[in-house]
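Asks: Okay, here's the structure, questions in a sec.
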Amino acid sequence: MGKILLIIEDDPYVQRVYQRLFTGQDYTLEIASSGQEGLDKAKKLKPTLILLDIIMPGMDGFQVLGVLKKDFDLKDIPVVVLTNLGDDESIKKAISLGADSFMVKANFEPEAVKKKIEAYIKEES
């Protein structure tokens, strides 16, 4: 299977923005609307990179990150956190749980997110 970008994001608007932005690239885009769905897709697809929201109902992004990084088959998948949380405590927590990068949605235009994600995907090739 080729390169896969898995976006775990519960907000339908944000999903559509990134779906338009990342469609038609040289990798497959998968979207999960919840933490559990994201974990299920990660286990099945073994994506090249995961773009993870933190604030989600049910299982939040911190919990997803904790499960991912404890799973032998998933722990090496790079995870970029993209969230509205920008406080130092949240950033430190995400990094300590194994996030490779932390981006605050309000600080990045979608095109800037795309460039960063594509650089990660290219690096993983």
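The values are calculated or read from the model by the stated rules, or taken from the named source; none is laboratory data. From a predicted model like this one, the values you see are computed outputs, not experimental measurements. Here the Cβ is made from the backbone with ideal geometry for all residues, glycine too, and neighbour counts use every protein chain on show.
Asks: Specify the residue that is surrounded by the fewest Cβ atoms within 10 Å (Cβ to Cβ); the eligible residues are those in the stretch 1-37 that are assigned to a loop (DSSP other than H, G, I, E, B) and hydroxyl-bearing (Ser, Thr, Tyr). It would help to see each step written out before you state the result.
Replies: The first filter runs over the stretch 1-37 and keeps only residues assigned to a loop (DSSP other than H, G, I, E, B), leaving 1-3, 9-11, 23-27, 33-34.
If we keep only those that are hydroxyl-bearing (Ser, Thr, Tyr) too, we end up with 23, 27, 33-34.
On the way: THR23: 9, TYR27: 19, SER33: 15, SER34: 16.
Taking the candidates together, the pick is THR23.
Asks: All but one of (1) over 13 Å from the mean Cα position of the chain (by Cα); (2) in contact (Cβ under 8 Å) with a residue 12 or more places away in the chain hold for ARG16, so report the exception by its number.
Replies: Here ARG16 meets the rest and fails (2).
Asks: Return the residues of the stretch 22-41 that are under 22 Å from LEU85 (Cα atoms) and not polar (S, T, N, Q); say none if nothing qualifies.
Replies: Across the stretch 22-41, the qualifying residues are ILE31, ALA32, GLY35, GLU37, GLY38, LEU39.
Asks: On to the next question. Only one of these conditions is not met by GLY86: (1) at pLDDT 90 or above; (2) surrounded by fewer than 17 Cβ atoms within 10 Å (Cβ to Cβ); (3) closer than 18 Å to ASP60 by Cα. Which number is it?
Replies: (1)
Asks: Of all the residues that make up the stretch 48-94, how many are acidic (Asp, Glu) and not in a loop (DSSP other than H, G, I, E, B)?
Replies: Matching residues across the stretch 48-94 total 2.
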